[in-house]
Amino acid sequence: MLQNLSKVVAQDKNFLNIINGRSVPALSQETITVLCPSDGSAFATIPQSKAADVDLAVRAAREAFESGPWSRTPAFERGRLLTRLSRLIEQHADELGALESRDTGKPVRQGKADVVAAMRYYEFYGGACDKIHGDTIPFLDGYTALTLREPHGVVAGIIPWNYPMQIMARVVGAALAMGNTLVVKPAEDASLSTIRIGELAVEAGFPDGVLNVVTGYGRDAGAALSSHPGIDYVTFTGSPATGTFIQQAAAANNRGVTMELGGKSPQIVFADADVEKALPVLVNAIIQNGGQTCSAGSRILVERAIYDDVATALAERFDRLVAGPHDADLDLGPMINPAQKRRVENYVALAAEAGIEVIGRGSIDVGAPATGFYVAPVLFGAVDRAAVIAQEEIFGPVLSLFPFDSEQDAIQLANSTEYGLVAGVWTRDGARQHRVAKRVRAGQVYVNAYGAGGGIELPFGGFKKSGHGREKGFEALYDMSATKTIVFRHD
Ligand code: ADP
């Protein structure tokens, strides 16, 4: 469908791959048409890269790693380049925010917030470059043993469409900080900010081949990249099913991986919680980015004594939510594409068929073009714990409420899905805060908060089906490097 459109609709811009410091089309010259989710209009193209393009990018990254200047660039110089990139992003903040917003359909204020987060990642990792170091190890008499943190080599970064600029930044920032070179493959539905930041990296002065960007479909460019024998490490954020493919591809070359695979994250509201403080956070955690967020708080567990009150208050808030075009800057934008819209609508229909009650429903703005990919937010009450919508990641503005009876029951319910990415705990009881935070299986637990501050400094990743490895903060620097032990004998 996308290719056909490219012939008939004028393009605002044709974006190109970045390979070895140069902007180039796909070798085949084929493109993918970029649609704005707010109205379905085509406004740009990206290269439809295949295995041959990926191979060129991997070779460029290899060359830059092995023989180029990168492997000899001191850590503080790498840091300066990352910081320079952060400053360039700041200078282009309006352009980048608008681009991200148009490409993904997210409200403009979210596009702006993503630019700030991206800047912060490059700034954080720019500063971290020369502050991470190895150990000296007490060893045998006559020996000195020490460790170095060494880069893996060439890293493949496979990026999803929901927060492309932010997720690129956390991957690229950490990988380059440790001295790796990279080939980044953004999602076919949202590649533009990745390409633009790749261009800014060239302007910042990163040597040729250090950061390459290759766009294309997952089954072509993505599969070629994750299975390429020239890749030393793969980092991926996306769906568990695609994560399995990528791990299998990397396993054929016995390469390491970091996998961030989404969640079904609970927020637990105890009867003693400050509910007024919690309410806007509970709503925002599922509405942000239209619920197309790995860490979306998609399950609200409420202690039975306050269940009815919380359900009523949330329903009132849901009824007021409005979805609309990105530039109208309403509560939420459209879904990324028609398939995602259908997927969310199917989950809602399935829940209705199962007899689960809709207790709150937002609307689609009257001015929203019928050609956009909108869904109205939906709040389901008293959801059966075994229901499909209680277990599966919907990746849309659909929130499920569950009553619980005791702390024990809440923990069990929180841990009752296959996922384990993020959790929220709302209670004034200090001992309970600690108990519950420790017993919930999630990579991040927030107490009386949720997803605060963009999370640049906070290690992030999952238990169970949510994946493995950690991104963000200093932890990502360990994932993006390997320990080398050196032993000197001097007796
Ligand atoms: P979605 O299904 O919601 O589009 P995915 O998890 O499939 O999300 O996509 C995330 C990223 O993975 C995108 O960059 C996509 O192109 C890429 N991708 C999809 N399929 C594959 C695959 N078989 N191998 C490698 N990458 C893939």
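Expressed as cubic angstrom per residue, what is the convex hull volume of the alpha carbon set of segment 400-464? Let's see the in-between values first.
Values: hull volume 6.5 nm³, N = 65.
Convex hull of Cα atoms, per residue: 100 Å³.
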Listed residue (Thr194, Asn448, Ala273) projecting farthest to the positive dipole end of the chain, Cβ model: Thr194
Which angle from 0 to 90°, rounded to the nearest 10, does the C-alpha axis of helix 164-177 make with the longest principal axis of the chain? 40 degrees
Tell me which of Val58, Ala44, Thr237 sits at the most positive position along the dipole axis of the chain, charges placed on C-beta atoms (Lys, Arg +1; Asp, Glu -1). Val58
Amide H contacts under 5 Å for Val425, restricted to residues at least 5 apart in sequence or on another chain and with H modeled in the peptide plane, are Ile268, Tyr446, Val447, Asn448, Ala449
Find the centroid of the Cα atoms in segment 427-451 and in segment 121-179, then give the distance between the two in whole Å. 29 Å
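What value, in deg cm²/dmol to 500, does the helix sum -39500 (n - 2.57) over DSSP H runs of n ≥ 4 give at 222 nm once divided by the residues of the chain?
Values: 16 runs with 190 residues, N = 491.
That calculation yields -12000 deg cm²/dmol at 222 nm.
What full-extension length gain, to one decimal in nm, is calculated for Lys438 and Leu146 as 0.36 nm per residue of separation minus the Cα-Cα distance? Before the final figure, lay out each step's value.
Working: separation 292, 0.36 × 292 = 105.12 nm, distance 3.42 nm.
Residue separation times 0.36 nm, minus the Cα-Cα distance, leaves 101.7 nm.
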Can you compute the modelled spin-label distance between Glu90 and Ile132, with each label point 7 Å from Cα toward Cβ, in nm? 2.3 nm
Over the alpha-carbon set of the chain, work out the extent along each principal axis and list the three values in angstrom, largest first. 71, 70, 41
Could you give the nm distance between label points at Phe76 and Tyr217, where each point is 7 Å from its Cα heading toward the beta carbon? 5.0 nm
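Given axes a ≥ b ≥ c from the Cα gyration tensor, I'd like to know whether segment 108-180 is rounded (a/c under 1.5), prolate (a/b larger than b/c) or oblate. Please report the intermediate quantities before stating the final value.
On the way: a/c = 4.69, a/b = 2.68, b/c = 1.75.
Because a/c hits 1.5 or more and a/b exceeds b/c, segment 108-180 counts as prolate.
Provide the FRET efficiency to the nearest 0.05 for the Val487-Glu276 pair, computing r from the beta carbons and using R0 = 56 Å. Display every interim value, and only then the final one.
Numbers: r = 60 Å, r/R0 = 1.07.
Taking R0 as 56 Å, the efficiency between Val487 and Glu276 is 0.40.
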In segment 310-403, if the dipole is taken from +1 on Lys/Arg beta carbons and -1 on Asp/Glu beta carbons about the Cα centre, which of Leu332, Ser400, Ala354 is farthest to the positive end? Ala354
Could you state the angle between the C-alpha long axis of helix 430-439 and the longest principal axis of the C-alpha atoms of the chain, as a value from 0 to 90 degrees rounded to the nearest 10? 60 degrees
How much accessible area per residue does the chain have, in Å², with a 1.4 Å probe? 39 Å²
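Subtracting the Cα-Cα distance from 0.36 nm times the residue separation, let me have the gained length for Thr312 to Glu345 in nm, one decimal. Don't skip to the answer; put the middle values down first.
Details: separation 33, 0.36 × 33 = 11.88 nm, distance 2.34 nm.
So the extension gain works out to 9.5 nm.
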Going highest first, how would you order 131-140, 207-216, 21-30, 440-449 by mean Cβ packing within 10 Å? 207-216, 440-449, 21-30, 131-140
Gain in span if fully extended, Gln412 to Asp55, counting 0.36 nm per residue against the direct Cα distance: 123.8 nm
Degrees between helix 75-91 axis and first principal axis of the chain (Cα, 0 to 90, nearest 10): 50 degrees
On the first, second and third principal axes, largest extent first, how far apart are the outermost C-alpha atoms of segment 354-406 in Å? 45, 20, 19
From the phi of every residue in segment 325-339, what ³J(HN,Hα) in whole Hz does the Karplus formula 6.51 cos²θ - 1.76 cosθ + 1.60 yield, where θ is phi - 60° and glycine or proline is x? x, 3, 7, 7, 6, 8, 5, 8, x, x, 6, 5, 7, x, 5
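The values are calculated or read from the model by the stated rules, or taken from the named source; none is laboratory data. No experiment lies behind these values; they were computed from the predicted model shown. Heads up, the Cβs are rebuilt from the backbone with ideal geometry, glycines too, and the neighbour counts pull from every protein chain shown. Ligands, DNA and RNA are excluded from the accessible area calculation, which covers all protein heavy atoms including side chains. Shrake-Rupley method; radii C 1.70, N 1.55, O 1.52, S 1.80 Å.
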